[in-house]
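Worksheet for the structure shown next.
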Amino acid sequence: GIVGLPNVGKSTLFNALLKKSSFARASEGQTGHAKIANYPFTTIEPNVGVVEVPDFRLNRLAQIIADEHGSIPPIIPAVVRFVDIAGLVKGAAQGEGLGNQFLSHIREVDIIVFVLRGFKNENIIRSGSVDPKEDLEVLKTELLLKDLETINKRLETLSKELKSVAPQDLRHQTLRVLAKSKGLVEQGKWLEENLDSEESSKIADLQLLSMKKTIVVLNSDELKLSDKESPLDPKETPLSISAKLEDELADLSEEEQREYLKELGVEESGLSLLIKKAYKTLGLITFFTAGPKEVHAWTVKKGTLAPRAAGVIHTDFERGFIAADVIQFEKLVETGSRPDGRGSPGAAWQKAKAGGFIKTIGKAETIEDGMVVEFKFSV
């Protein structure tokens, strides 16, 4: 979810993301592209878009297939869903601005992307000076205040319920986690960084805003993109992106984009870095199937067992899972071999297997990032 104060460039960033992705599409019932205007709350209902994850491995795999079959197969990339949420204002936790409506939209996302204004433009409406550090504090404070309200309500309810309940009741553990969480929030501490997984699981149903992972984006002037100094605290590692520049770059060819970024002293598009960081922060990895019909990037959580990964392709694959033959992308490129992801392996795959490059994994083993996979199943 893309979150920020009004007029910091959230919607410009969102639109640039959609323009960058050839696979981008709006969710059902949404136009996808966000309206942009020089006044607060231009965005009211959230805009939703699905954006492809940049991955050079897909084109390389497709070329390996083409070398054997004479034509490049369709490519289906991994995707990330981005949501452009209405601008937050100081006092949102008490209902200021779009208040509760805005906060309810944040509860539905997995990661919060804080967009901070780092550019100067007298024509863009803003109260006060450009101060990214203060803006981030306002954003986090409003979310923490809402969490405090939620925690206090649950503490009050649970305390009453447990007055006549035995000490060994598991809800007492939840009460202790709530008390700890209240103390942390009152100190201005983000819960996701200060609770362990067991503690987090006991209060997961509250959907606390500070339980979400975060990414910080500094919307900068394009001439400052190569600056290494950050106006934020050292613990924050923001991505420096010029939303306006990225929106303009999206209309250029890939070669023109590279040349322009090179002139600015930037190696990679800020949008590409943001998409990749969001994917990684979500704890996702990519595995591939590749054949003459298509080259497909599949998304699973890190640590996913092979049968569950097979089920992402088709439930029959998981239900009748026997084993999976796998090879790392780098080794596949080195040998020039490939698997037929859905059908018979093919001569090139057999050649790689004869060379000892193919590993067979079973039900208790995990799929790793970059694996090219052929599943064996029987139903």
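The values are calculated or read from the model by the stated rules, or taken from the named source; none is laboratory data. Every value quoted in this text rests on a predicted model; they were computed, and no experiment measured them. Cβ sites come from the backbone with ideal geometry, for glycine too, and all protein chains shown count toward neighbours.
Summary table below
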quantity: Residue tally, condition in a loop (DSSP other than H, G, I, E, B) and at pLDDT 95 or above, over region 362-379; calculated: 8
quantity: Yes/no for F119 being over 23 Å from W190 (Cβ atoms), modelled with pLDDT of 70 or more and crowded, with 17+ Cβ neighbours inside 10 Å; calculated: yes
quantity: Qualifying residue in region 262-282 (condition: of a type in the set (S, T, N, Q), within 30 Å of A179 (Cα to Cα) and touching a strand residue (DSSP E or B) at 6+ places or on another chain (Cβ under 8 Å)); calculated: yes
quantity: Among residues of region 182-191, those that are assigned to a helix (DSSP H, G or I) and more than 14 Å from S159 (Cβ to Cβ), counted; calculated: 5
quantity: In region 125-183, residue farthest from P6 (Cα to Cα) [restricted to those that are of a type in the set (S, T, Y) and loosely packed, with under 15 Cβ neighbours inside 10 Å]; calculated: S164
quantity: Qualifying positions in region 166-187 - closer than 23 Å to V216 by Cβ and either modelled with pLDDT under 95 or in contact with an Asp or Glu (Cβ under 7 Å, 6 or more places away or on another chain) (or both); calculated: V185
quantity: Pick from region 231-258, criterion over 21 Å from the mean Cα position of the chain (by Cα) and of a type in the set (D, E), ranking: surrounded by the most Cβ atoms within 10 Å (Cβ to Cβ); calculated: E248
quantity: Among the candidates S22, S71, residue that is modelled with pLDDT of 85 or more, over 22 Å from I327 (Cβ atoms) and loosely packed, with under 14 Cβ neighbours inside 10 Å; calculated: S71
quantity: Residues being more than 13 Å from G118 (Cα to Cα), of a type outside the set (K, R) and modelled with pLDDT under 90 - total across region 215-244; calculated: 5
quantity: Single condition K213 does not satisfy, out of (1) over 22 Å from V53 (Cα atoms); (2) under 22 Å from the mean Cα position of the chain (by Cα); calculated: (1)
quantity: Residue list for region 184-221, filter: without any contact (Cβ under 8 Å) to a residue 60 or more places away in the chain, buried (at least 19 other Cβ atoms within 10 Å of the Cβ) and within 22 Å of K280 (Cβ to Cβ); calculated: W190, L191, L195
quantity: Residue tally, condition surrounded by fewer than 20 Cβ atoms within 10 Å (Cβ to Cβ) and in contact (Cβ under 8 Å) with a residue 60 or more places away in the chain, over region 263-278; calculated: 3
quantity: Hits in region 294-323 - residues which are in contact (Cβ under 8 Å) with a residue 40 or more places away in the chain and among the small types (G, A, S); calculated: A297, G303, A306, A309, A310, G320, A323
quantity: First in region 153-178 and under 17 Å from L206 (Cα atoms), second anywhere and hydroxyl-bearing (S, T, Y), Cβ under 9 Å, 6 or more apart; calculated: R154/T174; L158/T174; L175/S159; V177/S200
quantity: Qualifying residue in region 279-294 (condition: farther than 30 Å from W190 by Cβ, among the acidic types (D, E) and touching a helix residue (DSSP H, G or I) at 6+ places or on another chain (Cβ under 8 Å)); calculated: no
quantity: Residue that is modelled with the lowest pLDDT [pool: residues in region 74-99 that are within 19 Å of the chain's Cα centre (by Cα) and among the β-branched types (V, I, T)]; calculated: I85
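Each row is one residue, and each column tells you yes or no for (1) in contact with a His (Cβ under 8 Å, 6 or more places away or on another chain); (2) under 29 Å from L116 (Cα atoms); (3) aliphatic (A, V, I, L, M); (4) at pLDDT below 90.
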site	(1), (2), (3), (4)
E268	no, yes, no, yes
F288	yes, no, no, no
V295	no, no, yes, no
T304	no, no, no, no
I327	no, no, yes, no
G336	no, no, no, yes
